[in-house]
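Let me begin by presenting the structure, written as structure tokens, before commenting on it.
Laboratory data are not the source of any read-out in this text; all were calculated from the coordinates shown. Only a predicted model underlies this, so the values are computations on that prediction, with no experimental measurement involved. Note: ideal-geometry Cβ built from the backbone for every residue, glycine included; neighbour counts use all protein chains shown.
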Amino acid sequence: MHISEGVLSPPVLIGGWAATGLVGWAALRTIEGADLPKIAVMTSAFFVASLIHIPLGPASVHLVLNGLVGVLLAAGAFPAILLGVTLQAILFQHGGVTVIGVNALLMGLPALAASAMFRLYKRMPVRGGTTLFGFLAGAAATLLSGLLLAILLATAGEAFWVVAKLGLAAHLPVMVIEGAVTAAAVSFLGRVKPELL
């Protein structure tokens, strides 16, 4: 779920970098030294999951895990995703260097939303809530990323409207898979190491 170089206009790219800088700066201020190992592990999981592409019609899809990253890292999810996107752009040319800011927002903002959604679970004790809210967080993060992708591609002009619709449609099945993966992970962690949640 990367936007490639040459698609977006310079004002959108500059806005993406500026917003990424602001959100990243605010997120970094909340991170403590004890959080760094967890952030490193989740950055690695995000990085590796995004490398496994599955063809689906005219597009290809892959796990994003931004919902799981958001649930486990809270505000630390944004720097983790920013680092993962940067490494993907530099090492594998996924997206590109000029679109790092936009791609970080595309996946990082939904991770923060998933974190907020999962935090609701702590306020509303529901039987089976860990699994339910884990699923909702994972699925919602993927849906939000798909919507942001479609909106950003739509800013590139009418030529990209079809691509925007196809990109969103291709990620609907991934939304369910992401929800299931996140639900399974948080359910397991809730049993064996609940302090991580």
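Annotations
- Around the amide H of VAL61, modelled in the peptide plane, lie the amide H atoms of ILE54, LEU56, all under 5 Å away and 5 or more residues distant in sequence or on another chain.
- Dipole of the chain, positive direction: furthest Cα of PRO194, GLY6, LEU83, with charges on the beta-carbon: PRO194
- Computed from the C-beta positions of ALA154 and LYS122, the FRET efficiency with R₀ = 30 Å rounds to 0.25.
- Residue-averaged 222 nm ellipticity for the chain, from DSSP H runs of 4+ at -39500 (n - 2.57), nearest 500: -23500 deg cm²/dmol
- By the rule of a C-alpha distance below 30 Å, with chain neighbours fewer than 8 residues away ignored, the lysines paired with LYS38 are LYS122, LYS193.
- Relative contact order [Cα under 8 Å, 6+ residues apart], the stretch 10-196, whole percent: 23 percent
- Comparing LEU13, LEU91, LEU106 in a Gaussian network model of the chain where C-alpha atoms under 10 Å apart are linked, the largest mean-square fluctuation is found at LEU91.
- Computed about its Cα centre, the charge dipole of the stretch 10-196 is approximately 500 debye, with only Lys, Arg, Asp and Glu carrying charge at their Cβ.
- Where trypsin sites (Lys or Arg not before Pro) in DSSP loops with at most 12 other Cβ within 10 Å are excluded, longest remaining stretch of the chain: 30-126
- Shape of the stretch 1-84, Cα gyration tensor, a/c cut at 1.5: oblate
- For the chain, the longest principal axis of the C-alpha atoms and the axis of helix 100-123 are separated by about 30°.
- Only alpha carbons enter this Debye calculation for the chain, each as an equal point scatterer, and the log10 of I(q)/I(0) it gives at q = 0.18 Å⁻¹ is -1.22.
- Dipole of the chain, positive end: most advanced residue of LEU36, VAL61, ASN103 [Cβ charges, Cα centre]: LEU36
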